1. Which of the residues spanning the stretch 94-152 are crowded, with 22+ Cβ neighbours inside 10 Å, of a type in the set (A, V, I, L, M, F, W, C), more than 17 Å from the chain's Cα centre (by Cα) and in a helix (DSSP H, G or I)?
2. So if I check each of V354, V385, V419, which one is hydrophobic (A, V, I, L, M, F, W, C), touching a residue at least 60 places away in the same chain (Cβ under 8 Å) and either within 28 Å of P91 (Cα to Cα) or surrounded by 17 or more Cβ atoms within 10 Å (Cβ to Cβ) (or both)?
3. Going residue by residue through the stretch 73-84, is there one that turns out to be part of a helix (DSSP H, G or I) and under 24 Å from A536 (Cα atoms)?
4. Pull up the stretch 261-286, narrow it to residues that are in a strand (DSSP E or B) and either closer than 22 Å to E127 by Cα or at pLDDT 90 or above (or both), then point me to the one that is least open to solvent (accessible area, probe 1.4 Å).
5. Which of (1) crowded, with 24+ Cβ neighbours inside 10 Å; (2) in contact (Cβ under 8 Å) with a residue 60 or more places away in the chain is the odd one out, the single condition G407 does not satisfy?
6. Of all the residues that make up the stretch 550-568, how many are open to solvent by 30 Å² or more (accessible area, probe 1.4 Å), within 23 Å of P97 (Cα to Cα) and outside any loop (DSSP other than H, G, I, E, B)?
7. Residues in the stretch 312-335 that are touching a residue at least 12 places away in the same chain (Cβ under 8 Å), within 18 Å of G351 (Cβ to Cβ) and either part of a strand (DSSP E or B) or β-branched (V, I, T) (or both): how many?
8. Restrict the check to the stretch 287-300 and report whether at least one residue is open to solvent by 10 Å² or more (accessible area, probe 1.4 Å) and either more than 30 Å from K529 (Cα to Cα) or assigned to a helix (DSSP H, G or I) (or both).
Amino acid sequence: MNGSPNGGVDGVTLKQSQTQAASMDNALTTAQMSAGTSNGTANGAHEEQFEDHSRALDILKSEYKDKDGISVHELLEKYDGLSYNDMLILPGHIGFPAITVDLTSKLTRNITLKTPFTSSPMDTVTESNMAIHMALLGGVGVVHHNCSVEEQAEMIRKVKRFENGFITDPIVIKPTTTVAEARRLKESWGFGGFPVTENGTLRSKLIGIVTPRDTQFHADPNSPVTEIMSTDLITAREGIALKEANSILSKSKKGKLPIVDAQGHLVSLLSRSDLMKNLHYPLASKVPGTKQLLSAAAIGTREADKARLTALVDAGLDIVILDSSQGNSVYQLSMIRWIKSTFPELQVIGGNVVTRDQAAPLIAAGVDGLRIGMGAGSACITQEVMAVGRPQATSVFRVAEFAARFGVPCIADGGIQNVGHIVKALALGASTIMMGGLLAATTESPGAYVVGGDGQLRKMYRGMGSIDAMEDKKAGGSAATTAGLASAADKAANTAQNAGTARYFSEGDRLLVAQGVSGSVLDRGSITKFVPYLMAGVQHSLQDIGIQSLEGLRQGVKGGEVRFEFRTASAQAEGGIQGMVGVEKKLYS
């Protein structure tokens, strides 16, 4: 057995050494404690001292001169060329329920919407059905012009006739009208209640009313409507107030209330269905006085568009949007001046623009609103193909800030993919936002649903600068062109009217250069559910910011009270979904 110099075995010697070391450590600790005690510094004396918590607000105000984040002016001065994803808005104080947030905002100088939403004038987004429902929900739908003049004017008429106060131009039929003809009118107009007068015109003696209940099961389609019409009528005298007339209608249990003069001649009409629409759609965008839905449509900037606009105004148009990808053109300036001199009451929205230099000539020419965006749309490739455009967040801020000096509201058009983008666009100065791809494939958008390879419903969606849209020759000046009767020379030289070629100044080009794409979008359901979801999202966002109205948001941003933060690429990734598989983004219940 091996021994150590101290006479112990290796293991015993090692154990003793460890014990000795432990004893030394204990002795050192005891000495240190004794020293501390003798110096009068107990352990508790080393604890950190804190300030009075009740003074937190006072200290925040007195010692922290700069608020968290930066103002919008600092953000845009420091970082140019920003998209919506490049920034966040910092939260504020919540002191109110989200439902009380006021979303009222200007669309043009003279028109205010209760919901700051518009639908894009694209032929796969907005026709009469979309325009009607957007107006019912408090926004406005802009009817596209990739169709004949007659078709576009008919869409505007459908919007104006959908909801009314006093219907001053009702569809009137004569006694000799057949049941079959009355049925066809219902299919054409979407409603089936028609007053019958002696001459079949307004200001003629009222003799009865035909309703869908009268025509639905009548056996002989060739019978005159006098055999089935209702003659037990409740009427009101000309000059009655709308509120009183609505009260009579609600108590009468009738579908229509004819308004007659002293001689019993029909002068206007009131509909029960309109009362129900008022109940279900309290935010609806209406024209004061007539109570008709607000209507908007797009036109081009060529000479032929003057005749198109005249037809649209005759149909009841309230707002016209001059549809150009690059709004700062001699054509648009000339069109603005002509419209203002010819139809001074019509509200004119110019664009598209992304710089102050583009906006200034249009403002000087007299526009009532501007449309901001170039190359930011979901189906647009202008920035990629043409190397021209501007990131949308920077565009909205720069143009809206300039236009606000002249009282010209702005629409943020393009780049809107979710509620957050809507809020950022409004915070940067836009009064309203325009949606294309976000509303495509809703029930109210044009086109039929198809089933994709994945078994899901979808609808076609295309940019107006796509080859498909620019080769579509249905936007002629009359129905003849729509029927395919454009001349072979026009088609060969690409001079036939078309919303796509006109918007991108491509008429006459033998080779078309695509500035948009075609594709499909998954079914989003009805906008009667989707748009209220977007509205609620904006309200909750403003609640988080601590602002109770869109006007308050704009003032808070302008005054620097609403703060922003630049968002790095890693911050954007951090703010997204992480570490999950099989994620389904269910937008609304």
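1. V149, the sole residue that qualifies.
2. One residue alone meets the criteria, V419.
3. yes
4. L266
5. In the conditions (1) crowded, with 24+ Cβ neighbours inside 10 Å; (2) in contact (Cβ under 8 Å) with a residue 60 or more places away in the chain, G407 misses (1) alone.
6. Result for the stretch 550-568: 3.
7. The total comes to 4.
8. no
The values are calculated or read from the model by the stated rules, or taken from the named source; none is laboratory data. The structure displayed is predicted, hence computed values, not measured ones. Note: ideal-geometry Cβ built from the backbone for every residue, glycine included; neighbour counts use all protein chains shown. These accessible areas exclude ligands, DNA and RNA; they are computed on the full protein's heavy atoms, side chains included. Shrake-Rupley method; radii C 1.70, N 1.55, O 1.52, S 1.80 Å.
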